[in-house]
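The block underneath contains the structure these notes are about, expressed in structure tokens.
The values are calculated or read from the model by the stated rules, or taken from the named source; none is laboratory data. Source: prediction; values computed, not measured. All Cβ positions, even for glycine, are placed from backbone atoms using ideal geometry, and neighbour counts span all protein chains on display. Note: areas computed on protein heavy atoms with side chains; ligands, DNA, RNA excluded. Shrake-Rupley method; radii C 1.70, N 1.55, O 1.52, S 1.80 Å.
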Amino acid sequence: NYPNPFNPSTIIRFDIQDRTLVNLVIYDVLGKRIKTLVNQQLNAGGKTVDWDGYDESGKPVSAGVYLYRITAGEYTETWKMLLLR
């Protein structure tokens, strides 16, 4: 994601080789799901998704470390990012 650390938003970029179901979810450091950004079939190619630092209910989250997990077919990866307020 870029920028990292970020305030007020960050862009998550990823590439998909084949059309597949993609799931991109933000978690706090305790593993609580904060927001689902993507949960759909996507075509192959480069993708960008913005996260504005808000949870599923539309409330701003606290400053701190967050994790984002991308799952696309058999592929799963998790990265850290830092939100500064």
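Where residues in region 8-19 are of a type outside the set (Val, Ile, Thr) and open to solvent by less than 90 Å² (accessible area, probe 1.4 Å), which of them is nearest to GLU74 (Cα to Cα)?
Taking the candidates together, the pick is PHE14.
For region 52-85, which residues satisfy the criterion of being touching a residue at least 40 places away in the same chain (Cβ under 8 Å) and surrounded by 15 or more Cβ atoms within 10 Å (Cβ to Cβ)?
GLY53, TYR66, LEU67, TYR68, ILE70, THR71, ALA72, MET81, LEU82, LEU83
Residues checked against (1) aromatic (Phe, Trp, Tyr); (2) touching a Ser or Thr at 6+ places or on another chain (Cβ under 6 Å):
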{"site": "TYR2", "(1), (2)": "yes, no"}
{"site": "SER9", "(1), (2)": "no, no"}
{"site": "ARG13", "(1), (2)": "no, yes"}
{"site": "GLY31", "(1), (2)": "no, no"}
{"site": "ASP50", "(1), (2)": "no, yes"}
{"site": "ASP55", "(1), (2)": "no, no"}
{"site": "GLY58", "(1), (2)": "no, no"}
{"site": "GLY73", "(1), (2)": "no, yes"}
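Look at region 20-51 and say how many of its residues are exposed (fewer than 10 other Cβ atoms within 10 Å of the Cβ) and either basic (Lys, Arg) or in contact with a Phe, Trp or Tyr (Cβ under 7 Å, 6 or more places away or on another chain) (or both).
Total meeting the criteria: 1.
Filter the strands (runs of 3 or more DSSP E) completely within region 1-81 down to those with at least 3 residues that are of a type in the set (S, T, N, Q). Please lay out each step first, then the result.
Details: elements: 10-16, 20-28, 33-42, 45-51, 64-72.
Correct list: 33-42.
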